[in-house]
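Notes follow once the structure below has been shown.
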Amino acid sequence: MTALLGRDDQALSRVPDQARHPWLSVATQRFGQTTALSQLLLGATLGFGMTFWDAFIALTIGAVLLNAVAITVGVIGQREGLSTAILTRWTGFGHAGSAVLGLIIALSCTGWFGVQTGLAGATLAGVAGVLPAPVWSLLFGIVVTVIAAYGVRWMAWTSYVAVPAFLALLLWLVLTNVNDVSAALAGPAPGPAIGMLTAITLVTGSFIVGAAIAPDMTRFNRNEWDVVKQTVLGITLGEWVISLAGVVLARGVGTTDVMGVISSSGGWIGALIVVTAVLKINDWNLYSASLGIVNLVDAVFAVRISRAQVTIMVGCAGSFLAAAGIVHQFSHFLVLLGVVFPPVAGIMVAEYYVVRRWRNEIISTRPYVPRSAPSWVPVTVVVWPAAAIVGELLPFGQSSVNSLVLAFALYVSAGRLDLLRMRTRRATNRKVVGEATAA
């Protein structure tokens, strides 16, 4: 049945060598995640409140921080061939913690899938003039669901088509709306000033969730160098190309209302800009959501379910929520969920690279998944929320970086003080080897 509905993509097992992908294939999908409307809107916000070069500096610093997080965590995923939620069982969270994280990933990614599906549906309805927006949302959501259900190979081909199309349309958008690009690059900001620290916060916050769950993607990389290449290329170009296009637009037309500019640019061209922008990130939203749920069910009930079938169920649910307009009521909640991800990366990095309390277990069992993991790690129960809250409340620094560094420091300190001995262990009741067929 799974073969008919899609591919499991080693949802609960390690990705074997023969199922790994060329780095450019994965890099295209990473770039597709950062070439999103959110990056265009981010650039417009910066361009309206900063000079072009100040905005460039903020985007560059933010890209460096995001690259550091995504590469450090992503290398773990590449080495072990496991998704983020599964990895956390042996990188500081245990079964219970990984189940909670899987739920958070599923809620966050499904929520954003619904928000963007609703945006695409409304845009298509406005242009087509036939069928209401809810119907278009359902249709668009079903298309994305089918792509995600068939796995990373279909998602790669989606990126091959959608990324160049979006870039071409974006270039057209800038050239047709900005009469004098050189003038748009010069001069003061047209709107209220934005400080450099605030700007860097906006940049890192815009993609910190994607950076923290990088193993979902990097587990398909063939080596560590591929992780570095694809991450630097995808994230840096995303910030420079897409966000700087937003900077130029905002400075050229004197507004941050990029969606208004897109809508006024003409019919199907504007719709295609929205559709191509949403398509190549929404399939990964749904994909990561399905991985989170598969891990949740396995960790809590010790039951293995099909990733493809979960994708179809979650995609249908998200599409119906988008059609009903309900998901937009939870946008603030979705932003709040993003606060919990930076400490996750900090704890994973601390455990895997420094403390290494369970590293030998996960390394020594390759190519299998370890038979047991801690049921829960009491220290993490304290460090995770504490780092998230304090990182947000500190009056200095950048909140995402603060919480990540704080989680790292607290977990390493707990390891040095031998506080990680308090744990119980639970067998997984099986020894899963990665499927031999390509994803």
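The table that follows gives values for the structure above.
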item	result
Computed over region 68-210, Cα set: Rg, Dmax in Å	20.3, 57
Gaussian network model of the chain, springs between alpha carbon atoms under 10 Å - residue of 290, 264, 38 with greatest fluctuation	264
Per residue accessible area of region 316-387, 1.4 Å probe, in Å²	44 Å²
Potential lengthening between residue 153 and residue 224 on full extension [0.36 nm per residue; Cα-Cα distance subtracted]	23.5 nm
Full-extension gain in nm, residue 130 to residue 326, via 0.36 nm per residue minus C-alpha separation	68.3 nm
Helical segments meeting 30 Å axial Cα length and Kyte-Doolittle -1.0 threshold in the chain (DSSP H)	52-80, 94-128, 152-177, 267-301
Of 347, 331, 390, farthest towards positive along the dipole that unit charges on Lys, Arg, Asp, Glu beta carbons give region 299-408	347
Kirkwood hydrodynamic radius of region 167-262, from inverse mean 1/r over distinct Cα pairs, in Å	15.6 Å
Protection-proxy order for peptides 20-31, 200-211, each taking the mean of Cβ atoms within 10 Å per residue, highest first	200-211, 20-31
Extreme residue, positive dipole direction of the chain, given options 21, 118, 276 (C-beta unit charges)	21
Net charge over other residues, Cβ less than 15 angstrom from the Cβ of residue 202 (K, R count +1; D, E count -1)	-3
Long-range HN-HN contacts of residue 373 with modeled amide H, under 5 Å	426, 428
Region 194-308 - Debye-derived log10 I(q)/I(0), Cα point model, q = 0.10, 0.14, 0.16, 0.23 Å⁻¹	-0.47, -0.84, -1.00, -1.37
Label-to-label distance, nm, for residues given as residue 186 and residue 64 (7 Å Cα→Cβ offset)	2.9 nm
Highest-MSF residue in the chain out of 77, 43, 254 [GNM, Cα springs under 10 Å]	254
Top of 129, 141, 49 by mean-square fluctuation, Gaussian network on the chain, Cα under 10 Å	129
Å³ per residue enclosed by the Cα convex hull of region 317-398	168 Å³
Order by protection proxy (mean Cβ within 10 Å, highest first), peptides 304-310, 334-340, 104-110	104-110, 304-310, 334-340
C-alpha center-to-center spacing [region 380-404, region 54-80] in angstrom	18 Å
Potential extension, residue 179-residue 197 segment - 0.36 nm per residue separation minus Cα distance	3.4 nm
Shape category assigned to region 1-69 from the gyration tensor of Cα positions, a/c cut at 1.5	prolate
Dipole moment magnitude, nearest 20 debye, the chain about Cα centre, only Lys, Arg, Asp, Glu C-beta charged	1500 debye
Projected-area mean, the chain, by convex hull of Cα positions, square nanometres	19.7 nm²
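The values are calculated or read from the model by the stated rules, or taken from the named source; none is laboratory data. All values reported here derive from a predicted model rather than from experimental measurement. Note: ideal-geometry Cβ built from the backbone for every residue, glycine included; neighbour counts use all protein chains shown. Accessible surface is based on the protein model in full, side chains and every heavy atom, while ligands, DNA and RNA are left aside. Shrake-Rupley method; radii C 1.70, N 1.55, O 1.52, S 1.80 Å.
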